[in-house]
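One structure below.
The values are calculated or read from the model by the stated rules, or taken from the named source; none is laboratory data. Everything quoted here is computed from the prediction, not taken from an experiment. Because the Cβ atoms are built from the backbone with ideal geometry, glycine has one as well, and the counts that use them run over all protein chains shown. For accessibility, only protein heavy atoms count, side chains too; no ligands or nucleic acids. Shrake-Rupley method; radii C 1.70, N 1.55, O 1.52, S 1.80 Å.
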Amino acid sequence: MKIIVDEIAEGKVIRPHGKIDILTSAELRSMLNDLTKKKVMNIVVDLEQVTYIDSSGLATLLEGLKNLKEYDGKMKLSNVPDRIQKVLSLMKLDMIFDIVK
């Protein structure tokens, strides 16, 4: 998996490409942990180029959200493909994450 990180005025945008699964979620977890250690206040995870996400990928996003909330940081998911939106809805995670277009 390739991850691109861009700086925006209010924080960072993380753009993972490919699958977020048991084999690749550690890389995303490490990236999120680095940003939360630096107390980045706003993180947008752009899922447009994500082709698949499994339970370990979802757990990674939840862990990142939890870590951000410890210091009042915020996470948004953007450009969520329909297939991933269905998984988020099925798991009721669309009620936990702030999902934007």
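Between the Cα long axis of helix 55-69 and the first principal axis of the chain there is an angle of about 20°, rounded to the nearest 10.
Straightening the chain between residue 48 and residue 78 buys 10.1 nm, computed as 0.36 nm per residue apart minus the Cα-Cα spacing. Remark: spin-label model distance residue 19-residue 95 equals 3.1 nm, labels positioned 7 Å along the Cα→Cβ axis. For the set 72, 46, solvent exposure ranked by accessible area (probe 1.4 Å, protein chains only) runs largest to smallest as 72, 46.
Could you state the accessible area per residue of the range 1-84 in Å², with a 1.4 Å probe and every protein chain left in place?
It amounts to 53 Å² per residue over the range 1-84.
Taking label points 7 Å from Cα along the Cα-to-Cβ direction, residue 7 and residue 34 give a separation of 1.4 nm.
One equal scatterer on each Cα of the chain, no solvent, Debye formula: the resulting log10 I(q)/I(0) at q = 0.17, 0.18 Å⁻¹ is -0.68, -0.78.
Calculate what fraction, in whole %, of the accessible area of the chain sits on carbon and sulfur atoms when a 1.4 Å probe is rolled over the protein chains. The value for the chain is 54 percent carbon and sulfur by accessible area. Within the straight-line cut-off of under 21 Å between alpha carbons, the lysines reachable from residue 37 are 12, 66, 69, 74, 76, sequence neighbours fewer than 8 places apart in one chain being disregarded.
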